[in-house]
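The values are calculated or read from the model by the stated rules, or taken from the named source; none is laboratory data. Not measured: the values here are computed from a predicted model. Using ideal geometry, Cβ is built from the backbone for each residue, glycine included, and neighbour counts are taken over all protein chains shown.
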Amino acid sequence: MWDYSDKVKDHFFNPKNAGAVAGANAIGEVGSISCGDALRLTLKVNEDTEVIEEAGFQTFGCGSAIASSSVLTEIIKGMTLDDALKVSNQDIAQELDGLPPEKMHCSVMGREALQAAVANYRGEEWKDDHEEGALICKCFAIDAVMIEEMVWANKLRTVEDVTNFTKAGGGCAACHEDIENILERVLKERGESFNPDAAPIETPVIAEKKPLTNLQRIKKIEAVLDSLRPQLMADGGDVELVEVVENTAYVNMTGACNGCQMAAMTIAGIQQRLMEVLGEFIKVVPASQMPKLVTIQEASHA
């Protein structure tokens with residue numbers, strides 16, 4: 001599991017300003033339950049001074065999403081709308097004494113909800129789907145504009161960085177080439193060169209963990225799949241771990257899950273769960289895309 005700061009734990013177990021604000025005159029909604037995270041931010045703004053007098057949140061998501069939403073409401077109370085708009089996702093993470101890299105997208109969601117709420121108060125249109133940008137990640141509905149903004153704002157440089165901050169590429173991995181193209185273009189504009197083998201950027205992490213051995217990683221992955229199996233079997237499907245190579249787990253979706261139109265979303269959900277439990281970036285890929293290797297099953301019968 002990831003290590004969280006005391007502030008993250010406090011805002012998760014004792015969230016501040018949870019629930020909707022009575023008489024709110026600014027509402028911002030971002031995310032989607034189908035994509036795993038959603039946030040509704042409500043504000044009560046003084047119409048004479050544009051000072052945020054009250055702020056409340058309703059979040060569907062993980063502990064980091066709850067903590068990020070909670071601390072955001074504490075940060076912006078008492079601010080004018082213009083000052084609140086200057087709050088960045090980095091500010092949210094720093095106020096929590098850091099977030100694991102894989103959870104930085106939770107701070108981004110809070111920033112976008114605030115932008116949406118201010119736009120709502122001012123009678124402006126705000127959309128989180130960035131319709132002017134090409135859809136890059138179909139699993140999480142993330143487009144090119146969103147990715148480009150995060151690469152610029154947070155100085156991202158790898159696909160893993162982009163996944164950590166936006167969730168793009170965290171599902172079926174089919175969009176990784178498109179993400180690399182965006183990184184190459186933006187980094188060139190920054191006067192840098194894209195290196196697919198570069199290390200991810202450093203983000204505030206509370207404690208370094210001892211890396212898992214591959215055997216430990218396999219056992220944890222199998223335990224997660226076992227916990228998810230009853231739900232899949234109830235729908236007539238199943239999942240089988242075929243092989244683990246470094247940070248990639250190859251799986252077979254069987255039964256009703258094989259060829260299902262929602263297979264990519266199922267794999268994306270499995271990947272998110274694995275990242276939660278393992279505390280590290282991992283890709284889940286259909287075994288049909290696996291290079292020719294000796295599989296776990298073949299090795300066991302050797």
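Looking across segment 155-206, the residues that are more than 17 Å from the chain's Cα centre (by Cα), of a type in the set (A, V, I, L, M, F, W, C) and in a helix (DSSP H, G or I) come down to I182, L183, V186, L187.
Of all residues in segment 161-176, those being surrounded by fewer than 22 Cβ atoms within 10 Å (Cβ to Cβ) and closer than 20 Å to A199 by Cβ number 1.
Residue-wise test of (1) aliphatic (A, V, I, L, M); (2) surrounded by fewer than 21 Cβ atoms within 10 Å (Cβ to Cβ); (3) touching a Cys at 6+ places or on another chain (Cβ under 9 Å).
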position: D48; (1), (2), (3): no, yes, no
position: A65; (1), (2), (3): yes, no, yes
position: I75; (1), (2), (3): yes, yes, no
position: T80; (1), (2), (3): no, yes, no
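Residue check: is L232 farther than 30 Å from K7 by Cβ and modelled with pLDDT under 85? Yes: the conditions hold for L232. Test A22 against the stated conditions and say whether it is outside the structural domain of K167 (by TED's automatic domain parsing), assigned to a loop (DSSP other than H, G, I, E, B), surrounded by fewer than 23 Cβ atoms within 10 Å (Cβ to Cβ) and of a type in the set (A, V, I, L, M). Judged against the criteria, A22 is a match.
Within segment 126-146, can one find any residue that is β-branched (V, I, T), in contact with a Ser or Thr (Cβ under 8 Å, 6 or more places away or on another chain), surrounded by 16 or more Cβ atoms within 10 Å (Cβ to Cβ) and at pLDDT 80 or above? Looking for residues that are β-branched (V, I, T), in contact with a Ser or Thr (Cβ under 8 Å, 6 or more places away or on another chain), surrounded by 16 or more Cβ atoms within 10 Å (Cβ to Cβ) and at pLDDT 80 or above, one finds at least one in segment 126-146, hence yes. Checked against the criterion of being hydrophobic (A, V, I, L, M, F, W, C) and at pLDDT 80 or above, segment 203-213 has no qualifying residue. Quick one: which of G78, G56 is within 23 Å of the chain's Cα centre (by Cα), not in a helix (DSSP H, G or I) and not aliphatic (A, V, I, L, M)? Exactly one residue qualifies, and that residue is G56. Of all residues in segment 87-107, those satisfying the criterion of being of a type outside the set (S, T, N, Q), in a helix (DSSP H, G or I) and modelled with pLDDT under 90 are P101, E102, K103, M104, H105, C106.
Here G123 does not fit the description of being in contact with an Asp or Glu (Cβ under 9 Å, 6 or more places away or on another chain) and not in a helix (DSSP H, G or I).
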